[in-house]
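No value in this document is a laboratory result; all are computed from the given coordinates. The model shown is predicted, which means the values in this text are computed figures rather than measured ones. Please note: Cβ atoms are built from the backbone with ideal geometry, for glycine as well, and neighbour counts cover all protein chains shown.
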Amino acid sequence: MITAENLTKRYGKTLAVDALSFSAPRGAITAFLGPNGAGKSTTMRMVMGLDRPSRGSALIDGKRVQDLPAVPRTVGAMLEMGNHQPRMSARAYLGWQAHSARLPRTRVSEVLELTGLASAARRQVGSFSLGMRQRLGIASALLGDPENLILDEPINGLDPQGVLWVRSLLTHLAAQGRTIFISSHLLAEVEAVADRIVVIGRGRLITECSMAELRERAGTRATIVSTPDAKKLVRVLREDGAQVESELSAQEVVRVFDRSASQVGEMAAEHSLRLHGLLQEKVTLEQAFMELTAGAVEFRDGGQEPSATAVPSAMSDGDPQ
């Protein structure tokens, strides 16, 4: 389990992370989200003991990472790209890491196989594509077979097959009771795999909840109806006080904003109106994210200057070094 309590980080006068508290429980995939400059990378670095908090604490299984008796067996992390040794082979690179962490050499072959890199094990890392380097980073994080996994942008650079592999891997590891903590800007992929979300903006917590709670809180956008009896259905719905928009084209689509699909279907049946399609439009994670973070975006379209209080951009998600 990963927990943060009142976690705060200052760089001079810049407040990068501000009294942030959250948890990532065992047996679940928790997605850590926020706009550029939100403080995600700084937070993850503090969890891994790479940056010292100005105040507060970040704990893994109840301990600071510095106090863990066997770090690689407790937590594995992929936080930054570009730290691999380009002239080493993948096998040599992982073997060096295993030796440094006093892990069995047999584990190198296991993670190479697990991440699909066995056939490229003797190739120099410098010749790897971005997707292959991502797989190597995940292999490195898995070397100690840890109970907690922290991955920053694990899907970046992967082809569709690789994305499906990451989904399957993370779901499998979470089902084993491990803590999975990931950050990503690919919200559609997060929605496909995450059980919980933690959203921050300008270093502060915006929301922490399960995906089910987010969907329940966000509700539905509209009921979309395809019907050849659109004019009659619109009249019936408006007489009932419903808010309706209609597109009287060849497809005759009606959007109903304050009635469920079952309610619309029942009203249509009562008036003997034909329906060719009935869909309840749900709020996507992307839509919910945009609404949640509307006031915490560092850079906006249209040439607007960054906010005076925004955190300066220097790392993958805009965090200071």
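Here are some notes:
- Label-to-label distance, nm, for residues given as LYS282 and GLU266 (7 Å Cα→Cβ offset): 2.3 nm
- A cut-off under 9 angstrom between Cβ atoms defines the neighbours of LEU142, and their net charge, with Lys, Arg +1 and Asp, Glu -1, is -1.
- Residues whose placed amide H lies under 5 Å from that of ALA222, excluding near-sequence neighbours: GLU281
- With each label modelled as a point 7 angstrom along the Cα→C-beta vector, the THR171-ARG274 pair spans 3.9 nm.
- Sorting 156-163, 92-99 by their mean Cβ neighbour count within 10 Å, with the most densely packed peptide first, gives 92-99, 156-163.
- In order along region 88-103, phi translates into HN-Hα couplings of 7, 6, 4, 5, 5, 5, 5, x, 4, 5, 4, 4, 4, 8, 6, 9 Hz, rounded to whole numbers, per the Karplus curve 6.51 cos²θ - 1.76 cosθ + 1.60 with θ = phi - 60° and x for Gly and Pro.
- Taking a sphere under 10 Å around the Cβ of ILE182 and counting the other residues whose Cβ falls inside, with K and R at +1 and D and E at -1, yields a net charge of -3.
- Distance between region 274-297 and region 70-144 - C-alpha centres, whole angstrom: 39 Å
- For region 220-282: relative contact order, % (alpha-carbon pairs under 8 angstrom, 6 or more apart): 51 percent
- Spin-label proximity, ASN156 to region 29-63 - amide N less than 20 Å from point 7 Å beyond Cα toward beta carbon: 30-51
- Label corresponding to Cα extents along the principal axes in Å when calculated from the structure given, among (i) 49, 43, 41; (ii) 107, 53, 50; (iii) 75, 49, 39: (iii)
- Taking a ≥ b ≥ c as the square roots of the eigenvalues of the Cα gyration tensor, region 1-72 is oblate, since a/c reaches 1.5 or more and a/b is not larger than b/c.
- On full extension, the segment bounded by GLU213 and ALA192 gains 6.0 nm, given 0.36 nm per residue less the C-alpha separation.
- Annotation: amide H-H contacts under 5 Å for ALA38 (H modelled 1.01 Å from N, sequence separation of 5 or more, or interchain): ARG202.
- Fraction of beta bridges assigned by DSSP in region 2-216 that are antiparallel (%, nearest 5): 55 percent
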